[in-house]
Amino acid sequence: MLSENTMTTCSSLDELLETFDLLDSWEERYQFLIDLGREVPPLPPEDITEENRVQGCQSNVWLTTHVTDSVPPIIELAAQSDAQVVKGLVAVLLLAYSGHTPEEILAFDIKDLFNKLGFTKHLSRSRSNGLFAMVQRVQNVAREAL
Amino acid sequence: MPFDVEAIRSQFPILSRPLPDGRPLIYLDNAATAQKPRRVIDKLVEVLEQYNANVHRGIHTLGSRVTEELENSRERLQRFIGATAPEEVIFTSGTTASINLVAQAWGRKFIKPGDELLLNEMEHHANLVPWQQLAQERGATLKFIPLTADGRLDMERLDGVLTAKTKLVAVTAMSNVLGTINPIGELAERAHAKGAVILVDGAQIVPQRPIDVHNPVIDFLAFSGHKMFGPTGVGVLWGRKELLQEMDPFLAGGNMIRRVWKTHSDFGDAPAKFEAGTAPIAEAIALGAAVDFIESIGWEAFHTHEQALMTRAWNQLREIPGLKIFGPGLKHRGAILSFTADGMHANDLAEILDQQGVAVRPGHHCTMPLHDWLQVPATARASFTIYNTVGEVDALCAAVQKARKIFRLE
């Protein structure tokens, strides 16, 4: 059954995985993902540009990155999509990557995370392609910031 | 006479095959490609197992048999579209190739700077981009027939864009998104009155309504095999004989020549002139079996059944809050319904429907200018055909309702 009010705010990946583990139907998992997406703050309108658009996504996704001047640098991400399930995936991506150093980002096994969440099975190939296009972009920024 | 949809379904092996996780398949993506009846599959296998050889070459037994089968298929297609002669039926790889053939072989020869090509915003990219390329190359201008608010060609404003400069009208007989059935008869008549040639994209209409290239009189008809229950990789370009005669070949090579010397060649007549290289032989032969399938059912049954499914889907979907169906009312459309639902992106909606075994297509359906005109980035498209059932229509609507629950829209 669909839950009336799932607790959707996850502050860490562990929390996310724990919550996700409790959900056993595809309906609940999608609902959780959609709810997660709702928590992602929208990008400021000036960031909705062609340059920030992630190519390879079926729906529109915009991703901005900010690298801090600190040592080591920290990469902060913000992203938005016009599709709700994609927004949920974006939320997971932000949890995994945003606020981490380039080394941490490059060392992180994102495929393993999505496997654990069982998304890769559900996601269509075209959607996975879009997702990994986002991952690619973040990893490229991390590589440049090394 | 009651129509036995189960008897039709039993002819399609894929329809009784559950999805990998055991759910039944509810296939509502027929506008993208139709499933194949047993007789088409059998015909493909028959060619490959019994008389595979190249056509029009060699005099051995298999070569004669396969050539005869291919020409039989051509004649079936000729009768199917009411063409005068089998020579007017050219096998291509599909609608896209057929339209490109006309753009290259007719367009590059006859379109001059300043000429106008008349299109409209509901065209599939396959009937738009080749003309953009041609116009750029030849210095011609593209014009667009305005659309009415409900997504039909605005025939009252046709005179504003159909002029003495118009050399070609390229139009779909049925929109692959809106389902709109266009008034080809009136368009053809008015195009001809201005001395223009009319090319009809028949990809969507051919599996839905009878087509007769002489009633109304048109000049070119392009369609695909796979949307009319035939194999992929094969399609047809029909052209009026006089037009085909004055066109130069597009692809050059084997099969299309009369005599080749070291430095020049004489070309054969249509259809060989436009069939360079080895055709998709088995597929083209099996396309004849697809024609047999359609004819075995009859257009009246097709029409009645599809209208019944459409009416049911239309009535149910329109009850769903925030759901918007694009295009004209049922009177002006074939069995295609494209829609959006407030609060759910079309891609997300299609994904949630897929989880429930319902196959629809999300996206811009190769009609970006149309989606610009509709002012939506994407639509979800359900398209119905002869083997779909009332139960499947109900399942679609229930699946959309369930998606609304998942999205917390109710």
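The values are calculated or read from the model by the stated rules, or taken from the named source; none is laboratory data. Only a predicted model underlies this, so the values are computations on that prediction, with no experimental measurement involved. Here Cβ is always computed from backbone atoms with ideal geometry, including for glycine, and neighbour counts include all displayed protein chains. To get the accessible areas, we keep the full protein, side chains included, count just its heavy atoms, and leave off ligands, DNA and RNA. Shrake-Rupley method; radii C 1.70, N 1.55, O 1.52, S 1.80 Å.
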Out of B:164, B:193, which single residue is touching a residue at least 12 places away in the same chain (Cβ under 8 Å), hydrophobic (A, V, I, L, M, F, W, C) and not assigned by TED's automatic domain parsing to the domain that holds residue B:329?
B:164
Qualifying positions in region B:300-314 - of a type in the set (Phe, Trp, Tyr) and open to solvent by 10 Å² or more (accessible area, probe 1.4 Å):
B:314
Filter region A:31-47 down to the residues that are outside any loop (DSSP other than H, G, I, E, B), away from every other protein chain (no Cβ under 13 Å) and touching a Phe, Trp or Tyr at 6+ places or on another chain (Cβ under 8 Å) and list them by number.
A:47
Is at least one residue of region A:69-84 of a type in the set (Ser, Thr, Tyr) and away from chain B (no Cβ under 14 Å)?
yes
Mind checking which pairs have a first residue in region B:304-330 that is within 23 Å of residue B:407 (Cβ to Cβ) and a second that is assigned to a loop (DSSP other than H, G, I, E, B), Cβ under 6 Å, 6 or more apart or different chains?
B:322/B:342; B:326/B:178
Note on residue B:377: of the conditions (1) open to solvent by 40 Å² or more (accessible area, probe 1.4 Å); (2) in a helix (DSSP H, G or I); (3) not acidic (Asp, Glu), unmet is (2)
Being within 20 Å of residue B:174 (Cβ to Cβ), surrounded by fewer than 24 Cβ atoms within 10 Å (Cβ to Cβ) and within 12 Å of chain A (Cβ to nearest Cβ) is the requirement here; does residue B:371 meet it?
no
Hey, does region A:48-68 have a residue that's away from every other protein chain (no Cβ under 14 Å) and part of a helix (DSSP H, G or I)?
no
Are there strands (runs of 3 or more DSSP E) fully within region B:228-296 with at least 2 residues that are open to solvent by less than 20 Å² (accessible area, probe 1.4 Å) and touching a residue at least 40 places away in the same chain (Cβ under 8 Å)? List them.
B:235-239
Please determine, by comparing only the residues of region B:333-368 that are farther than 20 Å from residue B:322 by Cα and open to solvent by 20 Å² or more (accessible area, probe 1.4 Å), which one is nearest to the other protein chains (Cβ to nearest Cβ).
B:355
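For residue B:370, are the conditions met, namely being closer than 18 Å to residue B:181 by Cβ, of a type outside the set (D, E, K, R) and in a helix (DSSP H, G or I)?
Details: closer than 18 Å to residue B:181 by Cβ: yes; of a type outside the set (D, E, K, R): yes; in a helix (DSSP H, G or I): yes.
The answer is yes for residue B:370.
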Any idea which residue in region B:386-410 is nearest to the other protein chains (Cβ to nearest Cβ), counting only those that are open to solvent by 10 Å² or more (accessible area, probe 1.4 Å) and in a loop (DSSP other than H, G, I, E, B)?
B:408
Check region B:315-328 and report whether any residue there is under 23 Å from residue B:24 (Cα atoms) and open to solvent by 10 Å² or more (accessible area, probe 1.4 Å).
yes
Tell me, yes or no, whether region A:14-29 has at least one residue that is under 12 Å from the mean Cα position of the chain (by Cα) and either at pLDDT 90 or above or within 14 Å of chain B (Cβ to nearest Cβ) (or both).
no
